Structures are given as C-alpha cells and as structure tokens.
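A short worksheet on the structure shown next.
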Amino acid sequence: MKYAKGGFKAIWAIRMEPGEDVWDTLLQFCKDHQIGHAVIISCIGSLAGCSFFDPGPIPGKPGLYAYGDPIEYPEPIEFITMTGTIGTEDDGTISCHLHAAFADTEGNCYAGHFKEGNKVMTTVEIVLGEIDGVYMHRHVDPLRGVKLWEPEQI
C-alpha cells in the first residue's frame with residue numbers, strides 16, 4: 001500500500017456551458033489555475049452523448065488490463081456522476097484520471113473510464129477539491145507495464 005496525508009487547499013465550483021468538452025475544459029481550468037493535485041468531489045449534468053472506455057485483459061499478462069475501443073452513446077444522456085483525480089505526469093504536465101456514470105432516457109446506466117470528446121448538453125456542475133501536501137502522479141509501473149497512480153508526501 002502507498003499513501004500520503006494532506007488537506008484541501010481550495011474548493012472550486014465550476015459550471016460548464018453547452019458545447020464545451022468536459023475533459024478539455026477541466027484540464028484547461030486546472031492548467032490555468034495551476035491545480036496539479038485535486039479530486040473530483042461532485043459532478044452532475046447532461047451530455048450531448050457520451051464516449052468512454054471499459055477494460056479488457058492484456059493477453060499473456062494475468063490480472064492486467066487495457067482499454068479497448070471506446071464505447072459510444074450518440075444521444076443526449078444524463079451525466080449521473082464523475083469521480084477521479086487530477087495529478088501530474090513524470091514530465092510535469094497536468095493530467096486527469098476520471099471515471100463516470102451515465103443514464104439514458106429509459107434509465108439504462110453505463111459507466112467507464114471517461115475520455116475527451118464528451119460535450120455538455122445543458123450544464124455540467126463540478127466541485128473540485130484542490131489538495132495540499134500530497135504529490136499525486138501517474139507513472140508506468142515496471143511490474144505491471146501500465147500507468148498507475150501513486151501518492152507521495154510533500
């Protein structure tokens with residue numbers, strides 16, 4: 001187990017406008033405000049459609065997975081929630097690791113690894129908690145061969 005203890009430096013309330021790409025807008029907001037370590041506290045809204053990934057096995061590597069082709073839902077959809085972290089890559093760039101859940105007009109639910117390309121339909125409301133005292137980054141784990149999140153005390 002790896003862990004680090006910190007606190008909230010700031011809480012940001014963000015409302016996105018119709019047509020904005022949720023991923024790109026959130027990432028740009030973090031870059032503009034130099035938020036390199038944060039967590040999504042709350043996120044709801046509606047999307048013009050959604051695109052996400054679900055995992056599949058990596059052949060020859062038991063217990064490991066990778067994301068395949070994106071799953072696309074092209075109709076307006078309720079954005080039930082999004083959760084995840086904002087961290088920094090080893091090269092210092094700010095990145096997101098986000099998962100989300102959606103519901104269609106019939107109440108069918110979908111969920112997976114959130115990605116760019118999801119556009120706001122009416123509104124998306126995000127409460128973002130900026131973290132102080134913890135360096136959150138993702139790097140390629142040599143044992144597993146995939147990027148993993150690793151918290152470090154600062």
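Values for this structure:
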read-out	value
Cα-based equivalent ellipsoid, the chain: semi-axes from gyration tensor eigenvalues, Å	26, 22, 12
Whole-angstrom gap from the stretch 22-69 to the stretch 79-154, using each part's C-alpha centre	4
The chain, relative contact order in percent, only Cα pairs under 8 angstrom and at least six apart counted	37
Value at 222 nm in deg cm²/dmol, rounded to 500, when DSSP H runs of n ≥ 4 in the chain each add -39,500 (n - 2.57)	-2000 deg cm²/dmol
Restraint check, 9/147; 115/147; 2/119; 5/119, Cα-Cα greater than 24 Å	9/147; 2/119; 5/119
Point-charge dipole on Cβ atoms (K/R +1, D/E -1) for the chain, about Cα centre, debye to 20	580
Label-to-label distance, nm, for residues given as residue 10 and residue 42 (7 Å Cα→Cβ offset)	2.0
Dipole-positive endmost among 95, 153, 79 within the chain (Cβ charges, Cα centre)	153
Principal axis dimensions, the stretch 36-77 - Cα atoms, whole angstrom, descending	40, 31, 15
Student exercise, the stretch 1-79 dipole from Lys, Arg, Asp, Glu Cβ charges, in Debye to nearest 20	740
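FYI, it's all coordinate maths here, none of it is from the lab. Nothing here was measured: the structure is a model prediction, and the numbers come from that model. Every residue, glycine as well, gets a Cβ built from its backbone with ideal geometry; the counts of neighbours run over all protein chains shown.
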